[in-house]
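Values in this text are rule-based calculations from the coordinates and carry no lab data. Just so you know, these numbers come straight off a predicted model, no measurement behind them. Using ideal geometry, Cβ is built from the backbone for each residue, glycine included, and neighbour counts are taken over all protein chains shown.
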2 protein chains.
Amino acid sequence: MTHPEPASPQTHPHEWLTDSNGQIALSVRFRGDRLFQEQSPYQTVEVFDTYSCGKMLTIDNMVMCTEWDEAAYHEMITHVPMQTHPTVKDVLVIGAGDGGTIRELMRYSTIETVTMVEIDEAVIRASKEWLPTISSAFGDPRLTLLVDDGIKFVHDATDASYDLIIIDSSDPVGPSEGLFTQSFYEDVHRILRPGGVITVQSESPSFNAKAFTELNACLKQVFGRDRVHCYLVFIPTYPTGLWSLTYCAKGDLHPLQNFDRAQAEQFAETHGLRYYNADVHQAAFCLPTYIRKMTEG
Amino acid sequence: MTHPEPASPQTHPHEWLTDSNGQIALSVRFRGDRLFQEQSPYQTVEVFDTYSCGKMLTIDNMVMCTEWDEAAYHEMITHVPMQTHPTVKDVLVIGAGDGGTIRELMRYSTIETVTMVEIDEAVIRASKEWLPTISSAFGDPRLTLLVDDGIKFVHDATDASYDLIIIDSSDPVGPSEGLFTQSFYEDVHRILRPGGVITVQSESPSFNAKAFTELNACLKQVFGRDRVHCYLVFIPTYPTGLWSLTYCAKGDLHPLQNFDRAQAEQFAETHGLRYYNADVHQAAFCLPTYIRKMTEG
């Protein structure tokens, strides 16, 4: 590490995007003007050109993804369930407006339909315009893209309709708040087919400890204690870098016992994945003791 | 996550400590005045009282440790080698002025001597005064504490003197720069007993990619490609949260093949460790693909 210059969020506030919970903050330096800035009916959507992370999408000053490290999140939320469930045909994705999760799903020719429900079309538009490597699969004919409220959608959906549901939300403020409630997950559970699985963006045990523990308890209420499995991902551009996803099964699928290492390794190689591999799949479920205790609370 | 207030590093520069590489920065909010501030002959040593991380030690604005998450670093740099080497009697520690590594080592009654060489007595003094839970083992009679230059110490030390050497340095600027050179590690290798191991603070693949890859290559030169094993730790208060340690063997010890899971799990429970457990020991060596490639360079 070198300190080539005194630049810091303190001295050049107009060059740094800061994602803060009031006590810890991550800042990323960017060039010139914002590439995209729009106050949608729901939130402020922006795209920045950063110095070291490529282009970066933010919502209300919270980092959603950067070109540099988005693979960690998108690969782990997608391939962990896909490499354990042998027959996923119909997928529902809530949120995920940047398109990265869709891109990873579309690598599987066995998937027949993907329904994506994103509440804010500005996020999709920003990503299509400025993040082409992330939004690259919006044209796939298997995709039905709905700009709509995910909470209402799952409430109205038919029982037992999906093999896999991915809840790829932003943090529980603003429009995503309802994605962190028990009634929402009861609907998710209901519209999942028997034997199906979900993965959920489940916040950071270090940066959002309260949201993390509450969501974990909520998921255990709905799916049952033994069918909820927290796993961890290194995401350098999320504050504290320590983030969690959660795998829940309606049935007996288990993220490690129903996992074919050789097949996963082959898949990761064939597709040139950047973060996910068979070792990382297994390792992600090994929680440091203090986090294990947070999930047992 | 909630945003209770607009406070950020940008708006209240006197309340935030910022650790930056010029492009990405982590900021931690603190109360009132610094608890400790001293310009030593080597660097600026400070202790802050933070809002969410307890007391925090910094050197030249780089976070060394906080009471909240120091266990991750200190447990992983110590117990990974200790749980694989069955007969560690004599240990050398370079750096580690806060005392956390010593505290972890002293949990092993089988260790007979620990020699610690820290160049800056101000770091030791700051920790003893303000971080009592971290500096708690400085009084152990097995410890020989030398305030001296670690590079000179290893150069002058006798061949084959130590079973375990821990290089617990700050980043490669200022007095720690020489701890990132091949001649230093050639001395370390020489003074290690046959069959001995070392662990090294080996920087962040995301925040200090150049230092990380260079040190990895250097260690492979000295120890041999198959005897260098990078492992990862989540450290929320280090910028990007993604940090590496490296295990190197002079001989055939392997961090996973020579690992007794049951014994490690028992040890972690008996001592009430906060981060380390048998699962985490194994998982830490599973590298995301892009980091695996960085170490294969």
Which whole-number percent is the relative contact order of chain B (Cα, under 8 Å, 6+ apart)?
17 percent
Between B:THR181 and B:GLN221, what is 0.36 nm times their sequence separation minus the Cα-Cα distance? Round to one decimal in nm.
13.3 nm
Can you name the residue in chain A whose Cβ lies closest to the A-to-B rotation axis, and give that gap in whole Å?
A:GLY241, 1
In terms of the alpha carbon gyration tensor, root eigenvalues a ≥ b ≥ c, rounded if a/c is under 1.5 and otherwise prolate when a/b exceeds b/c or oblate, the range B:61-107 is prolate
Quote the relative contact order of the range B:16-66 in percent (integer), defining contacts as alpha-carbon pairs under 8 Å separated by 6+ residues.
28 percent
Karplus (6.51, -1.76, 1.60) ³J(HN,Hα), θ = phi - 60°, over the range B:24-29, in Hz, Gly and Pro reported as x
10, 9, 10, 10, 10, 7
In debye, nearest 20, what is the charge dipole magnitude of chain B about its Cα centre with +1 on Lys and Arg Cβ and -1 on Asp and Glu Cβ, if you could check?
640 debye
Counting only DSSP beta bridges with both residues in the protein assembly as shown, what percent are antiparallel, rounded to the nearest 5?
65 percent
Mind listing the label-point distances from B:GLU269 to the same position on all other copies, shortest first, one decimal in nm, points 7 Å along Cα→Cβ?
3.9
Euclidean distance between Cα centres, the range A:87-126 to the range A:267-282, Å:
20 Å
In terms of the alpha carbon gyration tensor, root eigenvalues a ≥ b ≥ c, rounded if a/c is under 1.5 and otherwise prolate when a/b exceeds b/c or oblate, the range B:70-296 is rounded
Would you please give the residues with an amide H less than 5 Å from that of A:VAL93, counting only those at least 5 places away or on a separate chain, with H modeled from the backbone geometry?
A:THR115, A:MET116, A:VAL117, A:ILE166
Placing a label point 7 Å from Cα toward Cβ, how far apart in nm is A:THR113 from its equivalents in the other copies, listed shortest first to one decimal?
7.4
